[in-house]
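Read-outs: derived from the displayed coordinates by stated rules, not from any lab. Since the structure is predicted, the reported quantities are computational estimates derived from the model, not experimental observations. Note that we place each Cβ from the backbone using ideal geometry, even for glycine, and neighbour counts take in every protein chain shown.
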Amino acid sequence: MNTANLLLGCIQCGRCSGSCPVSIKSPLNIRKLLYSFLLNPKAVFDAEKSGIWECTTCTTCNLRCPKSCAPLNLILDTRTWLVEKGRIDSSIIKALESTYLHGNPFGKAREKRIEWIHKIDTPIKILTEGSSADYLLFICCINAYDPRMQKVTKSIVKVLSSLGVDFGILGEAENCCGSEIKRMGESGLFAELKEKNLLSFSKIKIKGIITISPHCYNTLKNEYDISIPVEHYTTFLSNEGARLRKMNFVKSKEVGLFHDPCFLGKMNNIYEPPRALLKASLAELKEFDRAKEKSLCCEGGGGRMWIESKVKGRLAEKRVSEAKGLGINKIYVACPFCLSTLEDAVKVMGEEDNIKIEDIAELLADGL
């Protein structure tokens, strides 16, 4: 495993396991996993008992490690080994097979990737070989296929179009960015997806890429090795703040909370742009007690959308309870996985009438 040299620096301080959001409710204990590996590298491969599939890859353990041991990498390497040996659940196999066959992990046909386009009035440019636009809007699988997330996609299209931004999409040619595929341990398939998307990027003329999902943003910016600037839509729109103010934008009278996505905040240190948009759009923005770099993971990352948890109780439910305790009934997000897990938590808790989850893009679109 390529993490061995780094792990030799581990001093068993326990900051990784102490900061892990799922360790308190699952068998996962990254400190013990590190220790086991150091004693006997083969012992770590009895991973079914170690709870590594409960990991959300939120990166908190890496950030808190005083010796820069990158303990998360041990989990990812172990998952890769398990995938190669076929020791994985059927739900993971289905997601990986679907991605290989159809370019997405949801088991959806490629031609259905742009069905949402026919449900909006705004014309959208589909970029084909040789065509150009200032920006490519990278949609993301969940935003293309999931009916709830399609509302977010349509909202972003509405806002960008209202701002007069010259943008287009890849349409059916877009493949999964591979973020969650890589974090489920399929490094070979990730490399293939990366190659296909890079080829699509090379065939069109663009100045930059705007992503809807922080997972796509992190992967394209940090794992694709491209020279094209990549921005999450919140950073792009916050830079367009002056133009937003000049539009007929109606400010909401609501008070809201913002839930920091791990892949935007902890992994890329982007905290203020989404807050700037919310402060400009809401009557008041309040904060969770655990916010920014201390934010609580929703458990949507790390492939957890396709991994059946063996542990009851989700962290997203704690998030909803925190909002209720603060007396606020609106949680804003800037990530489709956060939106999905938090809305599921609201339903499980029977709080549909009391707590609402909404993406920042939806708030902006509603104000136009």
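Could you calculate the contour length gain from Asp289 to Ser309, that is, 0.36 nm times the residue separation minus the distance between their Cα atoms, to one decimal place in nm?
Working: separation 20, 0.36 × 20 = 7.20 nm, distance 2.63 nm.
That works out to 4.6 nm of additional length.
Between the alpha-carbon centers of region 120-185 and region 59-76, tell me the distance in whole angstrom.
Spelled out, the Cα-based centre of one part sits 32 Å from the other.
If you filter region 65-142 for GluC sites (Glu not before Pro), then keep DSSP loop positions with at most 10 other Cβ within 10 Å, what is left?
Glu129
Give a quick list of GluC sites (Glu not before Pro) in region 275-360 that DSSP marks as loop, anything other than H, G, I, E or B, with at most 11 other Cβ atoms within 10 Å.
Glu308, Glu352
Give the separation of the Cα centroids, region 282-308 to region 14-37, in Å.
20
Given R₀ = 30 Å, FRET efficiency for Met349-Lys196 by Cβ-Cβ distance, to 0.05?
0.15
Let me see the P(r) profile for region 134-183: every Cα-Cα distance counted, bins of 10 Å, each bin given as a percent of all pairs.
24, 50, 24, 3
Give me the orientation-averaged projected area of the Cα convex hull of the chain, in nm², one decimal.
Mean shadow area of the hull around the Cα atoms is 17.8 nm².
List the extent of the Cα atoms of region 112-208 along each of their three principal axes, largest first, rounded to whole Å.
Projected onto the principal axes, the Cα atoms of region 112-208 cover 40, 32, 20 Å.
In what sequence do Met184, Met267 fall when counting other Cβ within 10 Å, fewest first?
Numbers: Met184 29, Met267 22.
Taking fewest neighbouring Cβ atoms as first place, the list is Met267, Met184.
Along each of the three principal axes of the Cα atoms of region 248-366, give the extent in whole Å, ordering the values from largest to smallest.
Here the Cα extents, ordered largest to smallest, are 48, 34, 25 Å.
Among the aspartates and glutamates, which fall within straight-line cross-link reach of Lys194, defined as a Cα-Cα distance under 13 Å, with same-chain neighbours fewer than 8 residues apart omitted?
Output for Lys194: Glu174, Glu180, Glu186, Glu223, Asp225.
Run the reach check for Lys207 against aspartates and glutamates, Cα to Cα strictly under 13 Å, same-chain hits fewer than 8 apart removed. What comes back?
The reachable aspartates and glutamates, counting only those whose Cα sits under 13 Å from Lys207, are Asp134, Asp166, Glu231.
Here are some pairs, Lys203/Lys292; Lys154/Lys221; Lys108/Lys203; Lys112/Lys294; Lys85/Lys292; which of them have Cα atoms lying more than 31 Å apart in this structure?
Result: Lys203/Lys292; Lys112/Lys294; Lys85/Lys292 exceed 31 Å.
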